[in-house]
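Trainee: Submitted below is the structure of interest, expressed as structure tokens.
The values are calculated or read from the model by the stated rules, or taken from the named source; none is laboratory data. From a predicted model like this one, the values you see are computed outputs, not experimental measurements. Cβ coordinates were reconstructed from backbone atoms using ideal geometry, including for glycine residues, and neighbour counts include every protein chain displayed. The protein model used for the area step is the full one, side chains on, heavy atoms only, and it has no ligands, DNA or RNA in it. Shrake-Rupley method; radii C 1.70, N 1.55, O 1.52, S 1.80 Å.
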There are 2 protein chains.
Amino acid sequence: MASSYLSFDEWEDVYADRIEHLRRSAVRDLFAAISRPNVIGLSGGSPDISSLPLDEVAECTKRVVTENGLKSLQYGGSDGRIETRTMVAGMLAEDDIHVDPDEIIITGGSQQALDFMGRVFINPGDKIIVEGPSYLGALQAFSAYQPDVEVVPMDDEGMSMDALEETLKRLGPRGAKFIYTIPNFQNPAGVTMTLERRRRLLELAHEYHIQVIEDDPYGRLRFEGEHIPPLKSMDPNVIYLGTTSKIFAPGLRLAWCVAPKPVIAKINLCEQGASLCCSAFNQILAEQYFTRTDWKGTLEKSRAIYRSRRDAMISALEEFFPPEATWTHPQGGLFVYVTLPPYFDTEQMMSAALENGVAYVPGSNCFPNGEGKSSMRLAFSYEPEEKIREGVRRLSEVIADRMELYRAFLKAGALPEASSEGM
Amino acid sequence: MASSYLSFDEWEDVYADRIEHLRRSAVRDLFAAISRPNVIGLSGGSPDISSLPLDEVAECTKRVVTENGLKSLQYGGSDGRIETRTMVAGMLAEDDIHVDPDEIIITGGSQQALDFMGRVFINPGDKIIVEGPSYLGALQAFSAYQPDVEVVPMDDEGMSMDALEETLKRLGPRGAKFIYTIPNFQNPAGVTMTLERRRRLLELAHEYHIQVIEDDPYGRLRFEGEHIPPLKSMDPNVIYLGTTSKIFAPGLRLAWCVAPKPVIAKINLCEQGASLCCSAFNQILAEQYFTRTDWKGTLEKSRAIYRSRRDAMISALEEFFPPEATWTHPQGGLFVYVTLPPYFDTEQMMSAALENGVAYVPGSNCFPNGEGKSSMRLAFSYEPEEKIREGVRRLSEVIADRMELYRAFLKAGALPEASSEGM
């Protein structure tokens, strides 16, 4: 959209205030970056869908029309097809989440569900609580509603419960509209919240009467370690978001939000105004895929691929990255989160990295408040192993350059030792 | 969702203020009504899609996957596929709208585009201008952003330009964020804005520096009279909304918004936060349908069907409705708008109508301010001719009952002659 900034905008003073607050996403620029030839994309959160049985999917799509006829091409209800919601309820039950189809609403991807969370709960200036770092798309969705975002730090066991308690104490009962968390293979951190912390989170949320939103796109992408029960299975008040994007295909834009019925009624109102209903065609396609193909077998293959790619990324990081860098060790999902010395500014470094043929997500995109400058999200989901290795190698060159420069400055006395100035 | 109102909502005081302002749509309840057996649905705006060549559509869906493979199942850009936008640009050119694909963004149905219009332009309390009556879904979409809605009355030639000028004078230059209009076969009124008024609207919009949003879902559904050029073809500043819903299938949730590039950039930001991107699958399916089938031939069949159904509705109204009722004579589209004597309250009358086996949209749903109580929208698009006739007959019974009651009250001196009390 570069050209739009060149053309005179005679409506400049007509836009709503919220437009000023909308976070520009790196996602868009990253998509553009990836589509350049020769750039290795460690940036985007696109799942690997190469294991999908294309012939079977093609047959599914055809059956959507031949078996369901005009119904698949007509409008549907805002809550989603009862057949789809019943199927989702069955899938959730495997995870010990036992809900009625009426506690489920189908949304146009989890991104739309996140938008609805903002729409239903956030007045401008309201506090909300997120993990730091958090999913950049969620921060972007919420930003349209102008919240005041409180960030609770994470470690290898997930969100810090001590820090959360401190925040909740400071804000007081009902002092925030909700706590937004991705407990499994968090985006971008790649870490998983322990069972103990999940229990504590629910206790604290109950004590301070704060709504919990559990975003779980990656729960079925565990390739190592023990499954940990979702928050929703331990507390029916939790709002739970699930999606087909990482277990079937993002191209469907099909997800679900599970919530207490009064909340579902509010979301339904939002969905009426925001999109009327979800695509009936895509809902039926999902029904076909999840009932007529061996989707669990396909997912097993994807998990094996992710595991190899995670291994490739971790061993490349060990081989090429400087000892000053640290990173997470995900047991599932799509992402590794790398932290560099504090004098790095990964947003500034991005252009050099792209020139050197590799893309990542700067950590500052994953914080609402300018934190995360020296860190980055690396996705191991999309590129094959040899490209991951080469991408990490290319990135290490850019990092080594910066470190050398920093040391030279330091030696010349041009920088204080503990400088946090970005390079 | 009736049950949701029975269950205790412990989050009642946590919702955002805008939830209070969200219009509950009759749409949802109407969908529920239609799905009752024996109720003739003159309410919903569902197009007739019986002319769709299902075998060909099934082949198209299959080709989406076999010819495009994984691309159809992966994420795409927020602006929409360049192939889809180029195709849309070609379709628009047939209507003398000459734009670059970069001036087009693909949205999840026009409903999402309407939501984005609110999101981009409306601060709480901002004035916007709509026709009275107007599309209930647009009023609902805008309501999430808490505007102050000015209603400009219509007659058989569309929005009254004298009334518009009066409103604009009162509000002053830039006194409203936009004028929202459906110039062709308006929803719900069924009337079409004359060329003269279109020109005058653009003059006034220019003079008062107000954005114009032209919603044109029905433009290709003319079955009588001369085509009138869209506003967008006469003024590049107009924001134009088009959709596949009435020329292919609503089940795709696929539409487009055409706007000056700076506005497209803002909408793109909104789309990133609200839904990330549109379904790549559905975009490719639309490309397949509009390039590989005789969609214009199919549409010709649909128009012939709509014409017969319009004729069936008009002649049934002439046969069964009382002389005090008046109605519009659409030359295309899906709707006839009926006005009853002022003592009618069509919202109150709805339950009696449903009991008598017929559904419609009460006129008050098409106004933001309680107007339209004695009118109703009747859709001739969905039911076959004999059902339309029977539906109008059933409705006339309910109306006759009310009139008889009213006359009895009047005779007994229980009501003043010009009462506007609803019955």
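Trainee: Which of the residues belonging to segment B:354-368 are crowded, with 21+ Cβ neighbours inside 10 Å and either part of a strand (DSSP E or B) or over 15 Å from the mean Cα position of the chain (by Cα) (or both)?
Mentor: B:Val358, B:Ala359, B:Val361, B:Pro362
Trainee: Another question about this same structure. What pairs can you find where one residue is in segment B:246-260 and over 17 Å from A:Leu276 (Cα atoms) and more than 8 Å from chain A (Cβ to nearest Cβ), the other is part of a loop (DSSP other than H, G, I, E, B) and open to solvent by 10 Å² or more (accessible area, probe 1.4 Å), and their Cβ atoms are less than 6 Å apart, with a gap of 6+ or different chains?
Mentor: Partner pairs satisfying both residue conditions: B:Ile247/B:Arg220; B:Val258/B:Val99.
Trainee: Checking the structure you have, find out if any residue of segment B:168-175 is under 22 Å from the mean Cα position of the chain (by Cα) and charged (D, E, K, R).
Mentor: Checked against the condition, which is being under 22 Å from the mean Cα position of the chain (by Cα) and charged (D, E, K, R), segment B:168-175 yields no hits at all.
Trainee: Same structure again: Would you mention how many residues in segment A:115-140 are assigned to a helix (DSSP H, G or I) and either more than 8 Å from every other protein chain (Cβ to nearest Cβ) or not aliphatic (A, V, I, L, M) (or both)?
Mentor: Qualifying residue count, segment A:115-140: 11.
Trainee: In segment A:71-126, what residues are in contact with a Phe, Trp or Tyr (Cβ under 6 Å, 6 or more places away or on another chain) and at pLDDT below 95?
Mentor: Of everything in segment A:71-126, those that are in contact with a Phe, Trp or Tyr (Cβ under 6 Å, 6 or more places away or on another chain) and at pLDDT below 95 turn out to be A:Ser72, A:Gly77.
Trainee: Report yes if some residue within segment A:291-299 is assigned to a helix (DSSP H, G or I), among the charged types (D, E, K, R), more than 27 Å from A:Ala113 (Cα to Cα) and under 23 Å from the mean Cα position of the chain (by Cα); otherwise report no.
Mentor: Within segment A:291-299 (the criterion being assigned to a helix (DSSP H, G or I), among the charged types (D, E, K, R), more than 27 Å from A:Ala113 (Cα to Cα) and under 23 Å from the mean Cα position of the chain (by Cα)), the answer is no, since none of the residues qualifies.
Trainee: With respect to A:Glu94, determine if the residue is over 21 Å from the mean Cα position of the chain (by Cα), buried (at least 20 other Cβ atoms within 10 Å of the Cβ) and acidic (Asp, Glu).
Mentor: Taking the combined requirement at face value, the residue does not satisfy it.
Trainee: Out of segment B:168-192, which residues are open to solvent by 10 Å² or more (accessible area, probe 1.4 Å) and of a type in the set (Ser, Thr, Tyr)?
Mentor: Within segment B:168-192, B:Thr192 is the sole residue that qualifies.
Trainee: Specify the residue that is farthest from B:Gly332 (Cα to Cα); the eligible residues are those in segment B:153-162 that are touching a strand residue (DSSP E or B) at 6+ places or on another chain (Cβ under 6 Å), open to solvent by 10 Å² or more (accessible area, probe 1.4 Å) and part of a strand (DSSP E or B).
Mentor: Filtering first and then ranking leaves B:Pro153.
Trainee: Name the residues in segment A:320-353 that are part of a helix (DSSP H, G or I) and either hydroxyl-bearing (Ser, Thr, Tyr) or touching a residue at least 24 places away in the same chain (Cβ under 8 Å) (or both), would you?
Mentor: Result: A:Phe320, A:Thr346, A:Glu347, A:Gln348, A:Met349, A:Ser351, A:Ala352, A:Ala353.
Trainee: If I ask for residues that are in a loop (DSSP other than H, G, I, E, B) and farther than 19 Å from A:Pro260 by Cα, which ones from segment A:212-228 would you list?
Mentor: A:Pro217, A:Tyr218, A:Phe223, A:Glu224, A:Gly225, A:Glu226, A:His227, A:Ile228
Trainee: Of the conditions (1) buried (at least 22 other Cβ atoms within 10 Å of the Cβ); (2) at positive phi; (3) more than 7 Å from every other protein chain (Cβ to nearest Cβ), A:Asn38 satisfies every one except a single condition; which number is it?
Mentor: All conditions pass for A:Asn38, except number (1).
Trainee: Return the only residue of B:Glu165, B:Glu150, B:Glu196, B:Glu203 being modelled with pLDDT of 95 or more, open to solvent by 10 Å² or more (accessible area, probe 1.4 Å), touching a helix residue (DSSP H, G or I) at 6+ places or on another chain (Cβ under 8 Å) and within 22 Å of B:Lys232 (Cβ to Cβ).
Mentor: B:Glu165
Trainee: May I pose another question? What number goes with the only condition from (1) out of contact with any helix residue (DSSP H, G or I) (no Cβ under 8 Å at 6 or more places or on another chain); (2) in a loop (DSSP other than H, G, I, E, B); (3) away from chain B (no Cβ under 14 Å) that A:Gly90 does not pass?
Mentor: Exception for A:Gly90: condition (2).
Trainee: Let me ask you something else. Would you mind finding the one in B:Gln272, B:Gln288 that is facing chain A (nearest Cβ under 10 Å) and in contact (Cβ under 8 Å) with a residue 24 or more places away in the chain?
Mentor: After ruling out the rest, the residue left standing is B:Gln272.
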